[in-house]
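Let me begin by presenting the structure, written as structure tokens, before commenting on it.
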Amino acid sequence: MKLVLLTGLLVMIGMFAKAQPVDSTFMVNNYSKSIHSIKMRDGIELHTIIYTPNAPGNYPILLNRTCYNASRKDNYNVSTQPSPYLIRDLFILVFQDVRGRYMSGGTFDNMRPNIPGNKKEDIDESSDTYDTVDWLVKNAKKNNGNVGIFGISYPGFYSAAALPDAHPSLKAVSPQAPVSDFFFDDFHHHGAFLQSYTPAFSVFGYQKTEKTKEGWYKEEMDRLWNAEVSDGYEFYLNLGPLSNTTKLYHYDNFFWNQIISHPNYDEFWQKRSILPHLKNVKPAVMTVGGWYDAEDLYGPLNIYKTIEKNNPEADNMIVMGPWMHGGWAREKGQQTVNHVYYGDSISTGYQKEIELLFFQKYLKGEAEEKLPEAYMYDTGLKQWEKHHVWPPKEQHGHGIRFTQNGGLLIDEPYKSTPTWSYVSDPAHPVPYRSEIEGLTFTPRMFITDDQRQASKRNDVLTFKTEALNDDFKMVGEIMAKLVVSMTGTDADFIVKIIDVYPDDHEEYEHNPENVTMKGYQQLVRHETFRGRFRNSYEKPEPFVPGKKTEVNVPLQDVNHTFKKGHRVMIQIHSTWFPYIDRNPQKYVENIYEAKESDFIKSTITIHGESKIRIN
């Protein structure tokens with residue numbers, strides 16, 4: 001179990017288990033290292049490591065601000081970012097601990113709220129980036145006055161947070177797998193809590209007492225990881241309501257206590273979203289994400305769209321590939337996502353043909369080749385596409401309806417209004433994996449998992465087409481417009497879009513023998529929606545038992561072609577455990593404080609007026 005935790009934590013901080021080798025000898029021979037404490041406007045000093053090319057000339061600066069320990073980069077091994085191609089192209093490489101983390105001073109705040117205006121008395125991530133960039137262009141040797149910032153996951157947020165009131169020397173920003181809003185990214189999905197993230201709180205919920213290069217949160221981490229857990233589903237089920245997590249594990253964790261004190265989208269969460277502040281954007285922006293990013297898919301799509309909407313003249317582009325969280329920063333050779341194979345050297349192609357050109361163009365004035373607005377991978381055809389805008393306007397929308405016999409109709413009228421019901425029981429929730437696994441630091445492998453195990457359950461509604469006579473492309477935004485009723489007063493709704501492979505599909509060499517791709521039901525897109533927020537994330541409300549009620553479930557964008565001979569499948573259910581915490585299904589004001597006696601069975605009914613809309 002300690003090994004599982006370590007692996008998850010290393011992935012979280014960017015030190016991937018199978019990372020592409022970085023030529024540290026090249027770094028030693030071609031760069032010189034210096035370490036600095038850069039003073040912010042309020043006197044707090046941020047620990048900063050600078051690698052300067054030894055070759056004559058002036059170079060742009062590439063900055064990475066992180067809460068995951070910049071000192072891991074002070075040994076000339078800067079795996080896994082920046083890429084080897086950026087390193088060899090020669091940039092001044094800068095790594096910095098953000099405020100309150102590791103060797104930097106100050107107090108840490110998760111998703112520190114942005115304060116517009118960049119006033120001298122206001123402190124946020126934008127001001128810290130501004131002050132850092134200002135110091136670097138004035139003091140870093142051999143710099144050409146141009147600065148770029150990049151980072152994956154939380155460092156992706158810090159990159160996006162540099163955009164409001166940006167320093168004039170900041171010319172290129174690349175938020176990669178960026179967190180944008182913790183009520184919709186990472187720890188929540190539309191207000192539903194990701195219980196599978198429970199072990200991650202130790203990393204984010206304690207203030208350090210002194211400057212350190214080591215983790216100071218190990219005591220709390222050991223509370224959860226002090227025993228072998230072979231079955232995470234049983235572990236969390238036996239743990240009971242989330243209130244027991246507070247009592248046994250996270251009672252002194254400030255981030256956990258913030259979450260359980262703010263179960264709704266109140267001012268606490270609203271002011272931590274970076275999206276409302278992405279206005280008057282001056283630097284060029286390249287947002288990068290993975291279609292199979294279980295942590296941060298909402299972030300890259302919505303950061304790109306928000307910049308596009310608020311700043312139509314900005315140089316703004318997006319890249320979405322067949323990767324899990326941060327997968328583009330490492331090259332495994334064979335690109336697989338759990339059981340599904342997508343091709344070879346896909347990350348290398350991105351690093352050389354997109355990322356390198358982006359920074360060359362905006363920081364060095366090179367790379368005249370025009371980059372696409374949207375460089376998007378079709379996860380069904382398994383090929384790249386270039387679009388002038390995302391979602392592409394030339395694509396026609398589609399409507400999908402459910403038939404009484406468990407079928408699906410695509411773009412066909414359907415006047416009948418049958419109903420489908422299932423009993424949702426929090427004591428026996430739907431597993432989110434097709435395999436048994438222990439505790440995970442953050443869940444990932446389920447993201448293309450086989451859904452055949454769910455198809456066999458009575459508490460999962462399953463609808464599918466006949467085998468397709470032609471390719472069917474599903475592209476753009478998806479809205480599941482459900483009409484529901486229930487015997488309880490609250491419920492979650494999980495909507496899944498699935499690609500059903502034909503029975504003669506080829507097998508993949510990387511899979512174990514017990515996994516067959518013949519008839520595989522691959523998860524393509526999913527979303528969880530906490531029904532109490534159907535009218536307002538800020539002001540939840542109970543359902544009226546037996547009353548037909550509309551619940552709109554916005555799924556994240558998709559770019560997937562269901563190939564001829566495949567089937568389109570849609571599943572609907574109300575538990576997905578322990579990925580998502582269990583809704584008691586009896587309305588309570590705060591689910592984090594629910595008692596065991598609050599959890600009840602509920603008969604959920606989906607009415608025939610329901611449909612899926614793809615735009």
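Coordinate-derived values only; no laboratory data. None of the values given here were measured: they were computed from a predicted structure. Don't worry about glycine lacking a Cβ; one is built from the backbone with ideal geometry, like all the others, and counts go over all protein chains shown.
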Legend entry - Entries of Lys305/Lys393; Lys415/Lys518; Lys247/Lys539; Lys138/Lys171; Lys361/Lys473 with Cα pairs more than 23 Å apart: Lys415/Lys518; Lys247/Lys539; Lys361/Lys473
Legend entry - Listed residue (Pro540, Phe493, Ala314) projecting farthest to the positive dipole end of the chain, Cβ model: Ala314
Inset, instruction - Taking the Cβ of Ala161 as the centre, find all other residues whose Cβ is under 10 Å away and add up their charges (Lys, Arg: +1; Asp, Glu: -1). - result: -1
Inset, instruction - Just subtract the alpha-carbon distance of Gln383 and Lys548 from 0.36 nm times their residue separation and send over the number in nm, one decimal. - result: 55.2 nm
Inset, instruction - Give me the percent of DSSP beta bridges within the chain that run antiparallel, rounded to the nearest 5. - result: 70
Inset, instruction - Note the full-extension length gain between Ser421 and Gln334 as 0.36 nm times their separation in residues minus their Cα-Cα distance, in nm to one decimal. - result: 27.1 nm
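Using a cut-off of 15 Å between beta-carbons, work out the net charge of the residues near Pro545 (Lys and Arg +1, Asp and Glu -1, Pro545 not included).
Working: positive: Arg532, Lys547, Lys548, Lys586, Lys601; negative: Asp490, Glu541.
Here the charged neighbours net out to +3.
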Legend entry - chymotrypsin sites (Phe, Trp or Tyr not before Pro) restricted to region 510-615 and DSSP loop, no more than 10 other C-beta within 10 Å: none
Inset, instruction - Quick one: Debye curve from the alpha-carbon atoms of region 507-561 only, equal weights, vacuum; give me log10 I(q)/I(0) at q = 0.13, 0.29, 0.30 Å⁻¹ to two decimals. - result: -0.60, -1.18, -1.20
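Give me the tail of P(r) for region 398-614 as a percent: Cα-Cα pairs with distance above 28 Å.
Above the 28 Å cut-off, region 398-614 has 29 percent of its Cα pairs.
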Inset, instruction - Treat the count of other C-beta atoms within 10 Å as a stand-in for reagent exposure and order Trp384, Trp135, Trp256 from fewest to most. - result: Trp135, Trp384, Trp256
Inset, instruction - Select from region 68-119 those trypsin sites (Lys or Arg not before Pro) which occupy a DSSP coil region and have at most 16 other Cβ atoms within 10 Å, ordered by residue number. - result: Lys119
Inset, instruction - Extending each Cα 7 Å along its Cβ direction at Phe235 and Lys595, get the distance between those two points in nm, one decimal. - result: 2.9
Legend entry - Beta bridges per DSSP with both ends in region 272-352, % antiparallel, nearest 5: 40
Inset, instruction - Report the full-extension gain for the segment Glu210 to Ser261: residue separation times 0.36 nm, less the Cα-Cα distance, to one decimal in nm. - result: 15.6 nm
Legend entry - trypsin sites (Lys or Arg not before Pro) restricted to region 315-413 and DSSP loop, no more than 14 other C-beta within 10 Å: Lys370, Lys393
Legend entry - Simple label model, 7 Å out from Cα along Cβ direction - Arg41 to Lys138, nm: 1.3
Legend entry - In nm, spacing of pseudo-spin labels at Asn458 and Lys370 (7 Å Cα→C-beta vector): 6.0
Legend entry - Span from the region 139-153 Cα centroid across to the region 166-224 one, whole angstrom: 23
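How big is the antiparallel share of DSSP beta bridges in region 113-242, given as a percent to the nearest 5? Don't skip to the end; give the middle numbers.
Numbers: 2 of 8 bridges.
Restricted to region 113-242, the bridges split so that about 25 percent are antiparallel.
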Legend entry - Proximal charge balance of Pro276 [Cβ under 12 Å; K/R count +1, D/E count -1]: +3
Inset, instruction - Provide Trp225, Trp216 in ascending order of the number of other Cβ atoms located within 10 Å of each residue's Cβ, fewest first. - result: Trp216, Trp225
Legend entry - Furthest towards positive pole of dipole, Tyr51, Ile260, Thr287, structure part the chain, Cβ charges: Tyr51
